[in-house]
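Engineer: Structure provided below as structure tokens; questions to follow.
The values are calculated or read from the model by the stated rules, or taken from the named source; none is laboratory data. What you are looking at is a predicted structure, and each value in this text was computed from that prediction instead of being measured. We place every Cβ from the backbone using ideal geometry, glycine too, and count neighbours over all the protein chains shown.
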């Protein structure tokens, strides 16, 4: 009996904001690839993102390995957009004061916050 080999579609989709999501989840591609690049196995990634299917994680990693220049360009664009948004938020009047207040509150003992 012959084995029928069909190409696997990449389990990724681009949402209305241009974010590439994995499978039918809201998990962004960069989250999976960040863990992979730090040495996480597909099984470890699946444990971190319970909504992802293990087969989708393997397929996404395979896609990345076969299309690394294109995916790396996408990841660079995402990082640049995130940095621009962060700079814009940090430039808002009062940002640093609010941030310091929230950090101080987080550091305070729980009974002091009540």
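This table checks each residue for (1) surrounded by 13 or more Cβ atoms within 10 Å (Cβ to Cβ); (2) at negative phi; (3) part of a loop (DSSP other than H, G, I, E, B).
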residue: 5; (1), (2), (3): no, yes, yes
residue: 24; (1), (2), (3): no, yes, yes
residue: 33; (1), (2), (3): yes, yes, no
residue: 39; (1), (2), (3): no, no, yes
residue: 43; (1), (2), (3): no, yes, no
residue: 86; (1), (2), (3): no, yes, no
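Engineer: I'm trying to understand the selection: among the residues of the stretch 54-70, which are touching a helix residue (DSSP H, G or I) at 6+ places or on another chain (Cβ under 8 Å) and in contact (Cβ under 8 Å) with a residue 40 or more places away in the chain?
Structural biologist: If the condition is that a residue be touching a helix residue (DSSP H, G or I) at 6+ places or on another chain (Cβ under 8 Å) and in contact (Cβ under 8 Å) with a residue 40 or more places away in the chain, then 60, 63 are the ones that fit.
Engineer: Assess whether residue 18 counts as being out of contact with any helix residue (DSSP H, G or I) (no Cβ under 8 Å at 6 or more places or on another chain), without any contact (Cβ under 8 Å) to a residue 60 or more places away in the chain and at positive phi.
Structural biologist: yes
Engineer: Which members of the stretch 1-22 meet the condition of being in contact with a strand residue (DSSP E or B) (Cβ under 8 Å, 6 or more places away or on another chain) and under 13 Å from residue 56 (Cα atoms)?
Structural biologist: 11, 12, 13, 21, 22
Engineer: Okay, moving on. So residue 103 passes all but one of these: (1) modelled with pLDDT of 95 or more; (2) over 26 Å from residue 8 (Cα atoms). Which condition number does it fail?
Structural biologist: All conditions pass for residue 103, except number (1).
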